[in-house]
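This report concerns only the one structure given below.
The values are calculated or read from the model by the stated rules, or taken from the named source; none is laboratory data. Not measured: the values here are computed from a predicted model. Here Cβ is always computed from backbone atoms with ideal geometry, including for glycine, and neighbour counts include all displayed protein chains. Surface areas here come from the heavy atoms of the whole protein model, side chains and all, with no ligands, DNA or RNA. Shrake-Rupley method; radii C 1.70, N 1.55, O 1.52, S 1.80 Å.
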Amino acid sequence: MDPMPPVYLDHAATTPLAPGVLDAMRPFFDQTFANPSASYRQAREARVALDGARATVARVLGAQPAEVVFTSGGTESDNLAIVGVARAMRDAGRGAHLVTVATEHEAVLKTVAWLERREGFAVTVVGVDALGRLDVDALMTAVRPDTVLVSVMLANNEIGTIQPVAEVGARLRGRGVPLHTDAVQAALWLDLDVERLGVDLLSLSGHKYGGPRGTGVLYVREGTAISPLLAGGGQEGGLRSGTANVAGAVGLATALERAARGRDEAVRHVVPLRDRLIAALTVLDGVRLTGDPQHRLPGHVSVVARDAPADLVLLGLDRHGIAASSGSACASGRHEPSHVLTAIGVPADLASGALRFTLAPTSTRDEIERTIACLVELIGAVRASGGA
Ligand code: PLP
């Protein structure tokens, strides 16, 4: 048994509830538990809380409350944005072509592939450079008169690269083509103002920034053509039927407000820790950074290490109480290289040595130094044993 306290460096996979979030949620489980769609006093109280959560989210996004749709998470938000807009635009005779980027999360890539296979949409997937950055000119060239949606993530979960979404938004303005961004990994670190980003739809997932798992948001700009995915009671402005998760919405909103308020300080705190970890890893022989060194999430470190299979390194870290990942949580456990590493041209043998460390505003220098010491030893040991 390791007597040291555990170190959690997998915040891109999920985060613990931020301070104050559970307390804010608690009354909505057993006291103010009524269905906010009903008309009696207890229901009105629940509705006030739900409206308050919506207003808070809207404030952080620079949006109107009516433009905020509560969902079950990032996956649902991405699906609703893409399928909902694609179908509504097609049904309005606007076309059936979608544009997205090779390094998007599977919640985006599998959704557009599904629309292509099942519903006859045409899809253009634009490539990225070796740092995972999108070429905005190439993206704009892919946009056609029949394009009904462009989807570009704000920041990548596996390699931390930040995409020039505001530039895409500015270039698309006035073209009548809605722009969606998956901002799931950005919420702790980046400005989410929908006007500055120039986006029409934005996805968030509560559990990536100190909110509860199973909660999400889709921002939908007023006037955007979008159809619901679920038939039912017509909650959330008709876009997301189902009895509202009031506790979840309150928790998500409390965490989002806290993240937005603490963002500048969090970035100032975490960037030196991130850079220390990157520097200590990339001086090792055969270890290199993946993703963009400049346009990079403040809490994100990803590398590939030659001749050091990630599963062995991660097992060794786990034995020391250090939690990290080999890429996206959803992709780990598989043996083929991730689509993101393939898109940035990392060869398969190197991709098997992909490691990801994602920090939080609460990460400490001690944790980083401990992680570095373990990694130096483990990578050496794994190599010495021939990866066996
Ligand atoms: N989009 C990105 C960029 C993600 O990193 C994730 C989760 O890892 C998702 C979408 C899906 O979010 P959720 O797991 O909340 O459905």
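Placing unit charges on each Cβ (+1 for Lys and Arg, -1 for Asp and Glu) gives the chain a dipole about its Cα centre, and among V101, S302, T181 the Cα reaching farthest toward its positive end belongs to T181. Computed from Cα atoms, the angle from the helix 41-61 axis to the main principal axis of the chain rounds to 60 degrees. Computed extension length for F29-Q294: 91.0 nm, one decimal, from 0.36 nm per residue of separation with the Cα-Cα distance subtracted. Applied to the range 244-251, the Karplus parametrisation 6.51 cos²θ - 1.76 cosθ + 1.60 on θ = phi - 60° returns per-residue 3J(HN,Hα) values of 4, 8, 5, 4, x, 5, 5, x Hz, with x for Gly and Pro.
Sorting F33, F70, F28, F357 on solvent-accessible area from highest to lowest, probe radius 1.4 Å, gives F33, F28, F70, F357.
What dipole magnitude, in Debye to the nearest 20, does the range 135-273 give about its Cα centre under +1 on Lys/Arg Cβ and -1 on Asp/Glu Cβ?
Numbers: 13 positive and 15 negative charges, 47 e Å.
The calculated dipole for the range 135-273 is roughly 220 debye.
Solvent-accessible area per residue in the chain equals 42 Å², computed with a 1.4 angstrom probe and all protein chains kept.
Rounded to the nearest 20 debye, what is the charge dipole size of the range 265-388 about its Cα centre when +1 sits on each Lys and Arg Cβ and -1 on each Asp and Glu Cβ?
With Lys and Arg at +1 and Asp and Glu at -1, about 140 debye.
I'd like to know which of A231, S205, T147 lies farthest towards the positive end of the charge dipole of the chain, counting +1 on Cβ of Lys and Arg and -1 on Cβ of Asp and Glu. The residue sitting farthest along the positive end of the dipole is A231. In order along the range 278-293, the Karplus-derived 3J(HN,Hα) couplings, from 6.51 cos²θ - 1.76 cosθ + 1.60 at θ = phi - 60°, round to 4, 5, 5, 7, 7, 7, 5, 4, x, 10, 9, 5, 10, x, 8, x Hz, and Gly and Pro are given as x. For T124, the amide hydrogen comes within under 5 Å of the amide hydrogens of L98, V99, T100, counting only partners 5 or more places away or on other chains and with H modelled in the peptide plane. Mind checking the angle between helix 365-384 and the chain's longest principal axis? C-alpha axes, 0 to 90 degrees, to the nearest 10. Relative to the chain, helix 365-384 is tipped by roughly 60 degrees. For the range 1-62, the residue among L9, A43, T32 whose Cα projects farthest onto the positive side of the dipole built from Cβ charges is A43.
Measuring nothing but protein heavy atoms, the accessible surface of the chain at 1.4 Å probe radius is 54 percent carbon and sulfur. When both the range 347-388 and the range 1-32 are represented by their alpha-carbon centers, they are found 25 Å apart. Computed over neighbours whose Cβ is under 11 Å from that of L314, the net charge equals -1, Lys and Arg +1, Asp and Glu -1.
Provide the net charge surrounding H97, with neighbours chosen by a C-beta distance below 9 Å and charges set as Lys +1, Arg +1, Asp -1, Glu -1. Could the numbers behind the result be given before it?
Values: positive: R144; negative: D146.
The answer is 0.
Model label points for T243 and T282, set 7 angstrom from Cα along the Cα-to-Cβ axis, are 5.2 nm apart.
The amide H of T71, built 1.01 Å from its N in the peptide plane, has G216, V217, L218 as neighbours under 5 Å, considering only residues 5 or more places off or on other chains. At what distance in angstrom do the alpha carbon centres of the range 65-120 and the range 222-272 lie from each other? So the two Cα centres are separated by 18 Å.
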